[in-house]
1. Taking 7 Å along the Cα-to-C-beta vector as the label spot, tell me the A185-R117 distance in nanometres, rounded to one decimal.
2. Based on the Cα coordinates of segment 78-156, what is the per residue volume of their convex hull in Å³?
Amino acid sequence: MPGILSTTAIPTSNGDSGNSRAAGETSPSSAATSPRAAATRLSTRLRTAGAAARSLLPPSEPGPLPRAGAYDRRTLLEQEIDALGFLVSRHPLVLFSRRIREVGAVRGRDLAKHVGRVVRVVGWYVTAKTVMTRKGEPMEFLSFEDTTALYETTFFPRTYARFCHMMTKVRPYLLTGRVEEDMGALSLNVTDVRFLDPRGPGDELPAVAPHVGGTSPGSEAWRRFRG
């Protein structure tokens, strides 16, 4: 019709007029190869390559770490007990320094000065060996220590029967006995045992308990005594 511009169909290379586009319209293939699209693809590739190259470099030095405050004494000791089952930062008897001064005990390293005398000594149980007398009665050789020395003690049958159930490695003791010397070897012949840290009425008092092997609270003697 006069006054109306008609669009001329541009046939495709395969001659299919159904895929023809109006004159002046840009095809997708030509848009993909435009200078702007090429620049965009190049920029993307450069960014990807740069990130890959940077990943090969060592990490930058971190800034200074925050300084944590020291644990308080109680928290430190509790964590040592929880993790290891014993104290590392100090001897357990250090926690009872005031009580040790109150009882006026002889120091372990000074026992040689008191041979033949009855003394009181503070001790932390270390180890023990149970033997039988010729009469078939149990007795025990026990090692204790304070903050000055490791020393040996002897629990003869009567003493052993009274106090064997009290032996544990988690509490301090106040031992009473006579210091004896045999061929240069010192030993405390124990006659009385008390906990240095009584925890209730009667806790510091001994009780007669039968013995069937062992000296720890988990021994048969302890179970029979408690049961």
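1. Here the modelled spin labels are 2.5 nm apart.
2. Details: hull volume 9.7 nm³, N = 79.
Residue-normalised Cα hull volume stands at 123 Å³.
Readers should treat all values here as calculations from the given coordinates under stated rules, not as data from a laboratory. Because the structure is predicted, anything quoted here is derived from the model rather than measured. Neighbour counts run over all protein chains shown; Cβ positions are idealised from the backbone, glycine included.
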